[in-house]
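A short worksheet on the structure shown next.
The values are calculated or read from the model by the stated rules, or taken from the named source; none is laboratory data. Only a predicted model underlies this, so the values are computations on that prediction, with no experimental measurement involved. Because the Cβ atoms are built from the backbone with ideal geometry, glycine has one as well, and the counts that use them run over all protein chains shown.
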Amino acid sequence: MKKVVFAGCGFLGDAAAGLFFKAGWSVLGLCASEESAGRLAGRPYAVKAVDISRPFPAPPDWLQPDLVIHCASSGKGGAEAYRAVYRDGLTHLLRAFQPERVVFTGSTSVYSQADGGWVTEESPAEPDRETGRILLEAEGIALAAGGIVARLAGIYGPGRSVLLRKFLDGTALLEAGGHRWINQIHRDDAATALLHLAERADASGIYNVCDDTPCTQAQVYEWIADFCQRELPPSGPADMNRKRGWTSKRVSNAKLRATVWQPVYPNYREALPGLAIPST
């Protein structure tokens, strides 16, 4: 039985760990605290509280697993948290477990393009924020180990969608006309992409993990407004202080699709009926 260690069992990690378990993998999930591990009590896979930001010993029976997947989150932290969780955390995982393969879940935010054009894995990744540059450092560690980097677009799914939440709580704005391009991926599609890449022996390098349909902010809010039978949000200024910078690009998933993967939700509009919408 193949063995996989998930570092980070949050919104994506928990879903992916369950998917790997159903596919026949032996799964160990690592959480940052005992409290987090406690919330996962009853999962069909093993869970252990480990602070990956510090050196730690791996459980003896989990040395040299087939795969380690780093999908831990820095939460709302800045550069210091990014270094601890992403760069240092990945280093500590590799040293502790000595896996045969590693997958690092990065972010399409490392593409700083703002001209609305298409970007692929071959496009320059020159983030203008320190946090983005730290993600690139972590990517370099994974690639140097012969691993895979999955650059994830904005993740949404059941009970979690930043754009839907802002629309419903009245804080949404069509920023500078709503022309900025947005790239997203449903959590369940991101999870299947991780399993798909893990089970392909020829997978290597960087893959953009996003749906088939980049759309403008205005398009997303038009879909939501139509679904909720409400008016569009008002116009407002662009937020140039976004945590991962102001970008506007269309991210291509062609390389991932060429491995015979495709998303169940090719665009955000098709996923809307399955998103839990809180009462307001």
If I filter region 205-212 for residues that are in contact (Cβ under 8 Å) with a residue 24 or more places away in the chain, of a type in the set (D, E, K, R) and buried (at least 18 other Cβ atoms within 10 Å of the Cβ), do I get at least one hit?
yes
Qualifying residues in region 57-76 (those that are closer than 17 Å to Tyr86 by Cα and surrounded by fewer than 16 Cβ atoms within 10 Å (Cβ to Cβ)) - the one farthest from the chain's Cα centre (by Cα)
Lys76
Return yes or no: is Ala176 small (Gly, Ala, Ser) and under 16 Å from Val162 (Cα atoms)?
no
Give me the helices (runs of 4 or more DSSP H) completely within region 171-278, filtered to those with at least 2 residues that are of a type outside the set (Val, Ile, Thr) and within 20 Å of the chain's Cα centre (by Cα), ordered by residue number.
187-198, 254-257, 268-271
Top-ranked residue in region 3-25 [being in contact with a Pro (Cβ under 8 Å, 6 or more places away or on another chain) and farther than 21 Å from Gly75 by Cα; ranked as surrounded by the most Cβ atoms within 10 Å (Cβ to Cβ)]
Val4
Looking at region 93-105, can you tell me whether even one residue there is within 25 Å of Gly154 (Cβ to Cβ), in contact with a Gly (Cβ under 9 Å, 6 or more places away or on another chain), polar (S, T, N, Q) and assigned to a loop (DSSP other than H, G, I, E, B)?
no
Selection within region 27-47 - surrounded by fewer than 16 Cβ atoms within 10 Å (Cβ to Cβ) and not small (Gly, Ala, Ser)
Glu34, Glu35, Arg39, Pro44
Kindly indicate the residue of region 107-136 that is free of Cβ contacts under 8 Å to residues at least 40 places away in the same chain and in a helix (DSSP H, G or I) and also nearest to His70 (Cα to Cα) among those meeting that condition.
Leu136
So, first residue part of a loop (DSSP other than H, G, I, E, B) in region 23-38, second residue crowded, with 21+ Cβ neighbours inside 10 Å, Cβ within less than 6 Å, six or more apart or across chains; the pairs are Trp25/Val4
Only one of Phe104, Phe167 is more than 18 Å from Gly78 (Cα to Cα), crowded, with 16+ Cβ neighbours inside 10 Å and either within 16 Å of the chain's Cα centre (by Cα) or without any contact (Cβ under 8 Å) to a residue 60 or more places away in the chain (or both). Can you tell me which?
Phe104
Which one of these does Ala145 not meet: (1) of a type in the set (A, V, I, L, M); (2) in contact with a Leu (Cβ under 9 Å, 6 or more places away or on another chain); (3) at pLDDT below 95?
(3)
Answer residue from region 39-62, given it is of a type in the set (A, V, I, L, M, F, W, C) and in a strand (DSSP E or B) and is farthest from Ala16 (Cα to Cα) among those
Ala49
Scan Gly236, Gly274 and give me the residue that is within 30 Å of Gly24 (Cβ to Cβ), surrounded by fewer than 21 Cβ atoms within 10 Å (Cβ to Cβ) and in contact (Cβ under 8 Å) with a residue 40 or more places away in the chain.
Gly274
What about Gly89, is it modelled with pLDDT under 95, over 26 Å from Thr216 (Cα atoms) and outside any strand (DSSP E or B)?
no
